[in-house]
Amino acid sequence: MRVNGEARRDPESAVRMEKDRITVDGRAVEVGKRIYLMLNKERGVLTTASDEKGRATVYAYLSDRRPWVAPVGRLDKASEGLLLLTNDSEWAARVLRPEMHLEKTYHVQIGTVAKAALLEALRDGIEVDGQWLRAKRARVLRGGAKNTWLEIVLDEGKNRQIRRMLAAWQVEVLRLVRVAIGRVELGGLKKGQVRELTEREKWLLGVIPPNS
């Protein structure tokens, strides 16, 4: 491989795909189109490329004609809602970086009437298995005689965080839907549907610099 005419033997050496001229065996390497997608993941579908048990994965929603994309983060099998996918690995890493504190908003149906003490505990933090877990915000959306819909906002990405916090209070999660990442909302996208992010959504997520 040559970069700007100079031989490179280290496969992990950094290059600037938009600026550097890269050739392999004398042929120029071209930058492929950057893809940024939004998917409304259905419950029961895995956020993975393949499954040894033959269970459905998010790739069942994608056309074979699309360039390869990877999920940005995860939604567990029982969760549903907004999932981002891209072939821009640098951007995906930036979105997932803990210090970004990018808010993620969830609507969560629980199998009980939510008490003020539960909401306070979610906001103040709960120690689970030696790890301190907390929600940035938590409020009641609507309630019934036997269950409640909560809106829970996280700015950290710990594994199964909401489920673990609620389980510590012996609260059953009936549904968990991610409805927004930052200021990008799931909106009216139907279950199982995929669409490209709009230019504004790309800007909101930092794909397009504000001064561009």
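Values in this text are rule-based calculations from the coordinates and carry no lab data. All values derive from a computational prediction rather than experimental measurement. For neighbour counting, all protein chains shown are included, and Cβ atoms are generated from backbone atoms with ideal geometry for every residue, glycine included.
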With the 8 Å Cα cutoff and a minimum separation of six or more residues, the chain has a relative contact order in percent of 22 percent
Note on the range 54-94: contact order normalised by length, alpha-carbon pairs under 8 Å, 6 or more apart, percent, works out to 35 percent
Non-local residues with an amide H under 5 Å from the amide H of residue 150, with H modelled 1.01 Å from N and Pro and chain starts lacking one, are 108, 109, 110, 141
Measuring from its Cα centre, the range 103-181 shows a charge dipole (+1 at each Lys and Arg Cβ, -1 at each Asp and Glu Cβ) which, in debye to the nearest 20, is 280 debye
For the table 158/191; 146/191; 104/136; 33/104, the rows whose alpha-carbon distance is greater than 20 Å are 158/191; 146/191; 33/104
Rounded to one decimal in nm, the spacing of the 7 Å Cα→Cβ label points at residue 53 and residue 89 is 2.9 nm
Labelled set [x] 68, 31, 25; [y] 70, 36, 33; [z] 83, 37, 32; Cα extents along the principal axes in Å computed from this model equals the value at [y]
Sorted largest first, the C-alpha extents of the range 103-181 along its principal axes in whole angstrom are 33, 26, 18
